[in-house]
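K.L.:
Pasting in a structure now, in structure tokens, and then I'll have a few things to ask.
The values are calculated or read from the model by the stated rules, or taken from the named source; none is laboratory data. As the structure is a prediction and not an experimental result, all values here were calculated from the model. Neighbour counts are summed over all protein chains in view; Cβ atoms, including those assigned to glycine, are modelled from backbone coordinates with ideal geometry. The protein model used for the area step is the full one, side chains on, heavy atoms only, and it has no ligands, DNA or RNA in it. Shrake-Rupley method; radii C 1.70, N 1.55, O 1.52, S 1.80 Å.
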Amino acid sequence: MMQTSNSPASSFRHTIMPSLPQLLSGRILHFAKLSATSSYESHSTKQVKFPKKISRKTGSPPRNTQNLNLEVSPHRAVSAVRLMRIELGGAFADLLNEQGKGSGENEMGYVERTLGFRTRHLEDRDLRLVTEVVGGTIRWRRYLDHLILSLCHDESTFRSMEPLLLQILRIGFYEITKLDMPSYAVVDENVKLAKVALRSGAGNLVNGILRKLIVLKESDSLPAVKVDGDDRQQARGLATLYSHPVWMVRRWTKYFGWDEAIKLMTWNNSSPSFSLRANTGKGLTGADLVSRLKMLKVPHEPSLYLDDFVRIKTGMQNVIQAGLLKEGFCAVQDESAGLVVSIVDPQPGESIIDCCAAPGGKTLFMASRLNGQGTLFAVDINEGRLRILKETAKLHQVIDVISTIHADLRTFSTDKVVEWDKVLLDAPCSGLGVLSKRADLRWNRKQEDMEQLKHLQDELLDSASRLVKPGGVIIYSTCSIDPEENEERIEAFLLRHPEFEIDPVNRYVPEDFVTTRGFYMSNPVKHELDGAFAARLARSQ
């Protein structure tokens with residue numbers, strides 16, 4: 001059933017500025033509830049009840065700790081609990097990554113509820129380390145497990161390891177092999193955590209395995225990963241060496257070749273940079289944003305492709321704590337998404353509909369481009385996120401052109417007789433273009449997901465096409481680099497809908513982003529942006 005906001009017909013206003021990470025993630029579909037006929041969700045997560053306390057093996061003596069433990073490293077305790085929440089609780093890594101005021105206290109609350117004790121207060125440096133350790137440990141999980149398994153010498157020991165103990169080992173292995181932290185400190189602090197959070201025997205195990213690792217690293221003799229044999233064996237080796245799922249490696253080597261697949265995995269394993277968009281809806285410019293970043297001493301550089309966008313590699317914590325996002329001064333938005341809005345090319349006075357609007361980054365940007373003239377209708381199946389979107393529209397002062405519609409696009413398009421000038425379908429997708437920011441996503445995707453996604457994307461594209469007026473355009477976009485979600489979906493659509501034809505995007509984005517068929521494609525390795533795709537399709541008069 002379609003539901004609209006209480007504003008007049010020209011006010012299906014919607015916009016969003018949820019937490020920072022929601023804007024970083026793109027529109028990525030979770031498959032737990034997906035079937036060919038089910039409703040879809042733009043960006044949901046599996047809700048698994050996470051235990052209040054970590055269970056220990058049967059027969060283990062009860063832990064007797066004080067509520068406050070000043071010996072355990074705070075960043076390691078928080079990192080271990082975060083990793084547990086991500087792997088066992090179904091949380092998104094990026095949704096746990098906000099480092100604003102009060103986040104340290106929130107994180108320590110999770111530690112106390114999970115492990116039964118608190119450490120000292122988290123300082124800014126601790127929070128930065130948590131971000132680095134959690135993100136890095138997730139990215140390198142497959143490789144780290146290869147090392148841990150090699151040093152256990154007994155696969156059954158590794159396979160039966162308690163989840164918390166495994167996370168502590170992964171943290172220690174990451175800190176030693178990838179961060180080059182002082183070895184003695186890594187061993188000492190992780191042993192303390194294992195002993196206090198679990199038991200003395202767990203600490204002894206951590207001590208023994210980490211010390212073995214240090215000896216091997218110092219002698220440059222870490223367990224090697226073999227990349228040889230047939231294609232399947234080589235893919236398994238690359239998957240371990242670069243820490244990606246085997247199916248993903250095989251898919252990328254098939255479509256892009258071995259060299260490009262390796263470059264892509266290397267990019268995914270690097271620390272991501274972020275882009276900020278000045279909120280022109282409030283009359284602010286890129287120059288205003290640069291001035292504020294200078295005041296905050298945040299290193300930055302202007303976008304190579306878009307006015308009012310600024311790139312930052314570090315300093316996001318300063319941006320958040322200064323209130324720039326909460327005040328609506330700017331928004332976190334990758335330039336790849338901003339270029340999709342350039343392809344929509346919103347013009348004052350136009351009527352536009354965003355068919356899968358949440359989390360709303362593109363909706364906000366389009367609204368600011370309308371300059372208060374025109375209407376922007378935002379449809380999404382998730383009512384709660386539409387409410388957040390609407391609140392953020394007010395914050396960004398673009399509510400006058402945005403209206404929200406709570407509906408399943410597939411139902412909405414069969415009931416609606418209105419036709420729009422422009423239709424944006426930013427479709428639910430695998431998110432394979434944003435793996436540098438969504439470190440956990442690579443482990444949550446399955447190859448069979450791709451078939452389900454393709455069917456859903458076809459359904460949504462057919463539905464969105466019914467909303468385009470004669471002479472209007474539909475823009476189909478994803479945050480994926482997979483040809484089956486992108487070019488192949490457009491080719492299949494054009495066979496079903498001969499009334500549409502490709503409208504080349506070269507008038508709207510730099511030529512470097514334009515494919516031979518006239519589509520938009522951002523390449524993470526080539527452009528140092530998230531991977532994204534867009535096709536502009538014109539309907540005949």
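K.L.:
Any residue in segment 103-119 that is hydrophobic (A, V, I, L, M, F, W, C) sitting within a Cβ distance under 6 Å of a residue that is surrounded by fewer than 18 Cβ atoms within 10 Å (Cβ to Cβ)? List the pairs, counting only those 6 or more apart or interchain.
P.N.:
Pairs that qualify, where the first residue is hydrophobic (A, V, I, L, M, F, W, C) and the partner is surrounded by fewer than 18 Cβ atoms within 10 Å (Cβ to Cβ), are PHE117/THR65; PHE117/ASN67.
K.L.:
Follow-up. Which one of these does MET366 not meet: (1) within 19 Å of the chain's Cα centre (by Cα); (2) closer than 23 Å to PHE329 by Cα?
P.N.:
(1)
K.L.:
Quickly run through segment 309-325 and pick out the residues that are touching a residue at least 12 places away in the same chain (Cβ under 8 Å) and either acidic (Asp, Glu) or not in a strand (DSSP E or B) (or both). Quick ask: steps written out before the conclusion?
P.N.:
Of the residues in segment 309-325, the ones touching a residue at least 12 places away in the same chain (Cβ under 8 Å) are 309-322, 324-325.
Across segment 309-325, the qualifying residues are LYS313, THR314, GLY315, MET316, GLN317, ASN318, VAL319, ILE320, GLN321, ALA322, LEU324, LEU325.
K.L.:
Right, something else. Tell me the residue from LYS212, LYS226, LYS217 that is at pLDDT below 95, surrounded by fewer than 17 Cβ atoms within 10 Å (Cβ to Cβ) and out of contact with any strand residue (DSSP E or B) (no Cβ under 6 Å at 6 or more places or on another chain), please.
P.N.:
LYS226
K.L.:
So, of the residues in segment 267-283 that are closer than 30 Å to LEU179 by Cα and among the polar types (S, T, N, Q), which turns out to be surrounded by the most Cβ atoms within 10 Å (Cβ to Cβ)?
P.N.:
Across segment 267-283, the extreme among qualifying residues is ASN268.
K.L.:
Suppose we keep only residues that are touching a residue at least 24 places away in the same chain (Cβ under 8 Å) and of a type in the set (S, T, N, Q) within segment 235-264. Which one would you say is nearest to ARG139 (Cα to Cα)?
P.N.:
In this case the residue turns out to be SER243.
K.L.:
Against the condition assigned to a loop (DSSP other than H, G, I, E, B) and among the aliphatic types (A, V, I, L, M), how does LEU164 come out, does it pass?
P.N.:
no
K.L.:
Tally time: how many residues in segment 508-526 are touching a helix residue (DSSP H, G or I) at 6+ places or on another chain (Cβ under 9 Å), assigned to a helix (DSSP H, G or I) and farther than 21 Å from CYS429 by Cα?
P.N.:
Total meeting the criteria: 2.
K.L.:
Of all the residues that make up segment 392-421, how many are within 25 Å of ASP462 (Cβ to Cβ), touching a residue at least 12 places away in the same chain (Cβ under 8 Å) and open to solvent by 20 Å² or more (accessible area, probe 1.4 Å)?
P.N.:
10
K.L.:
Tally the residues that are open to solvent by 10 Å² or more (accessible area, probe 1.4 Å) and either within 22 Å of GLY283 (Cα to Cα) or in contact (Cβ under 8 Å) with a residue 60 or more places away in the chain (or both), restricting the search to segment 369-391.
P.N.:
14
K.L.:
Go through the residues of segment 435-442 one by one and say whether even a single one is small (Gly, Ala, Ser) and either surrounded by fewer than 20 Cβ atoms within 10 Å (Cβ to Cβ) or closer than 30 Å to PHE256 by Cβ (or both).
P.N.:
Yes, segment 435-442 has at least one match.
K.L.:
Collect the residues in segment 183-203 that are open to solvent by less than 10 Å² (accessible area, probe 1.4 Å), touching a residue at least 40 places away in the same chain (Cβ under 8 Å) and closer than 15 Å to SER79 by Cα, keeping them in residue-number order.
P.N.:
Scanning segment 183-203 gives ASN190, LEU193, ALA197.
K.L.:
Here's something else I'd like to know. Hey, among the residues in segment 508-535 that are in contact (Cβ under 8 Å) with a residue 60 or more places away in the chain and of a type in the set (D, E, K, R), which one's most open to solvent (accessible area, probe 1.4 Å)?
P.N.:
If we take residues in segment 508-535 being in contact (Cβ under 8 Å) with a residue 60 or more places away in the chain and of a type in the set (D, E, K, R), then GLU528 is most open to solvent (accessible area, probe 1.4 Å).
K.L.:
Ok, one more. Which of the helices (runs of 4 or more DSSP H) found entirely inside segment 227-272 contain at least 2 residues meeting this: of a type in the set (Asp, Glu)?
P.N.:
In segment 227-272, 258-268 are the helices (runs of 4 or more DSSP H) which contain 2 or more residues that are of a type in the set (Asp, Glu).
K.L.:
Taking segment 488-507 on its own, how many of its residues are in a helix (DSSP H, G or I) and either open to solvent by less than 50 Å² (accessible area, probe 1.4 Å) or farther than 18 Å from TRP252 by Cα (or both)?
P.N.:
11
K.L.:
Before we move on, is LEU241 touching a helix residue (DSSP H, G or I) at 6+ places or on another chain (Cβ under 7 Å), open to solvent by 30 Å² or more (accessible area, probe 1.4 Å) and closer than 29 Å to PHE92 by Cβ?
P.N.:
Answer is yes for this residue.
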